[in-house]
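S.K.: Before we start, here is the structure in question, set down as C-alpha cells.
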Amino acid sequence: VFGRTRGGYYDPEMEVNGVRVKFRGHADDVVGDQALTFLRERPADKPFCLLYHFTSPHRAWMPAERFARAFEDIEVPVPRTFEDRLVGKDAVRRAEMAIADMPDFRSKGVDPSLPFEERKRLNLQHLVKNYYRVLLSVDENVGKFLDALDSAGLAENTIIVYTSDNGFFLGEFGLFDKRLMYEPSIKVPLLVRYPARVAPRVDRSHMILNVDAAPTLLELTGVPVPKAMQGRSFAPMLLGGSVPWRDDFLYEFFEYPAEHCARKHRGVRTKRWKLIHLYEQPEQWELYDLENDPDETRNLAGERRHA
C-alpha cells in the first residue's frame with residue numbers, strides 16, 4: 001500500500017513496511033516510483049494487489065515544479081452555478097466553503113481586503129489551475145505504471161480500478177471543498193480496465209458506490225464475498241451481463257461542528273430525485289428534480305405538489 005501522507009507535497013514522510021521513511025521530491029512522484037518498484041520486485045509467479053494512492057489533488061495544491069506554470073495563460077470558465085443566489089440552500093449559507101474566503105491563496109497575492117466578488121473570481125482561477133496542475137503528476141505517474149504493465153506482459157490480465165474517495169466543488173455555488181450532498185461533491189470518477197474479461201460498451205447507467213469496489217474485485221478474482229460487506233458486486237455488468245440493482249442510496253454527513261462547518265444532514269438520491277434533510281434545528285428540507293434541474297438550483301421542498 002502506497003498512500004498520500006499528511007507530510008505534504010514535497011519531501012514527504014511515509015510508512016514503508018511499518019517503518020517511517022523520509023523521501024525526497026514531489027509526493028506524487030515518490031508514490032509513482034514506489035509503485036514501479038513494487039511491480040519490479042514482486043514475486044513473478046504470484047498474483048498481486050496494489051493500492052496506489054496519490055496526495056493529489058488534496059489541499060493545499062502544490063504542483064511538481066515541471067507543472068508549476070501549466071495553464072498560466074488560460075482563463076478558467078466560470079461554472080454555471082458560480083453566481084447562484086443559494087435560494088433554499090441553508091446548508092450552503094452556513095458552511096465555511098465560500099471560494100472567496102478560501103485561505104490557501106492569501107499568501108499568493110489575493111488580498112483579503114478586496115471586495116467579495118473580486119476575491120471570488122481570483123480564487124476560482126487559482127483553485128482550478130492548481131487543482132489541474134497537481135493532477136498532471138497523477139496522469140503522468142499512472143501512465144508510467146500502465147506502460148510498465150505493458151512491458152511486463154501483465155496488462156491483459158490485470159484489473160485496474162481508477163477512482164476517488166469524494167468529489168469536489170470547483171466553484172459550483174461559489175464553493176470549494178466537499179461534504180454537502182450536491183452532485184459535484186458526491187460524484188466520483190470510476191474507470192475499470194480488465195482487457196481479458198471486461199466487455200466493451202458496458203452499461204454505465206447504474207448507481208455504483210464506493211462500497212461496491214471490494215465485492216466486485218473479490219468476485220472477479222474468484223474469492224467469496226463476505227456477507228458482512230455492505231456493497232454489491234457489479235462484476236456481472238462489467239462482464240456484459242445484468243443483475244438487479246439499487247434504485248437509490250443513502251447519504252450522510254455528521255461532522256459538525258468541525259472543519260468547514262457543514263451542517264449535519266442526510267438524504268436519499270434516486271436517478272431522478274434528491275431529498276436532503278438537515279435534521280438538527282433549524283430543521284430544513286431540500287428536494288431537487290435532477291432530470292429537469294441537473295444543476296440543483298431550484299429547491300422544490302416547499303411546493304405543495306411535492307408535499
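The values are calculated or read from the model by the stated rules, or taken from the named source; none is laboratory data. This structure is a prediction, so every number in the text was calculated from the model and none was measured. Cβ atoms come from the backbone with ideal geometry, glycine included; neighbour counts cover every protein chain shown. The area values use the complete protein model at the heavy-atom level, side chains included, leaving out ligands, DNA and RNA. Shrake-Rupley method; radii C 1.70, N 1.55, O 1.52, S 1.80 Å.
S.K.: Tell me, please, whether a residue that is touching a residue at least 40 places away in the same chain (Cβ under 8 Å), out of contact with any Lys or Arg (no Cβ under 8 Å at 6 or more places or on another chain) and among the β-branched types (Val, Ile, Thr) can be found in the stretch 173-191.
M.R.: Checked the stretch 173-191: no residue is touching a residue at least 40 places away in the same chain (Cβ under 8 Å), out of contact with any Lys or Arg (no Cβ under 8 Å at 6 or more places or on another chain) and among the β-branched types (Val, Ile, Thr).
S.K.: Restricting to the stretch 216-248, what's the tally of residues that are in contact with a helix residue (DSSP H, G or I) (Cβ under 8 Å, 6 or more places away or on another chain), closer than 17 Å to Cys49 by Cα and surrounded by 12 or more Cβ atoms within 10 Å (Cβ to Cβ)?
M.R.: Residues flagged as in contact with a helix residue (DSSP H, G or I) (Cβ under 8 Å, 6 or more places away or on another chain), closer than 17 Å to Cys49 by Cα and surrounded by 12 or more Cβ atoms within 10 Å (Cβ to Cβ) within the stretch 216-248 amount to 4.
S.K.: Right, another one. Only residues that are closer than 16 Å to Asp295 by Cβ, open to solvent by less than 40 Å² (accessible area, probe 1.4 Å) and of a type in the set (D, E, K, R): list them for the stretch 163-200, please.
M.R.: Glu183
S.K.: Conditions first: (1) without any contact (Cβ under 8 Å) to a residue 12 or more places away in the chain; (2) open to solvent by less than 30 Å² (accessible area, probe 1.4 Å). Asp150 passes all but one, so which condition is the exception?
M.R.: (2)
S.K.: Taking interchain pairs and intrachain pairs at least six residues apart, which have beta carbon atoms under 8 angstrom, with the first residue in the stretch 193-211 and under 12 Å from Pro236 (Cβ atoms) and touching a residue at least 12 places away in the same chain (Cβ under 8 Å) and the second open to solvent by 60 Å² or more (accessible area, probe 1.4 Å) and of a type in the set (Ser, Thr, Tyr)?
M.R.: Final answer for the pair search is Asp203/Ser242.
S.K.: Also, I was wondering about something else. Please work out if Val76 is closer than 29 Å to Pro103 by Cβ, aliphatic (A, V, I, L, M) and in contact with a helix residue (DSSP H, G or I) (Cβ under 8 Å, 6 or more places away or on another chain).
M.R.: yes
S.K.: Within the stretch 11-38, take every residue that is under 21 Å from Pro57 (Cβ atoms), at pLDDT below 95 and part of a strand (DSSP E or B) and give me the one that is least open to solvent (accessible area, probe 1.4 Å).
M.R.: Out of the qualifying residues, it is Met14.
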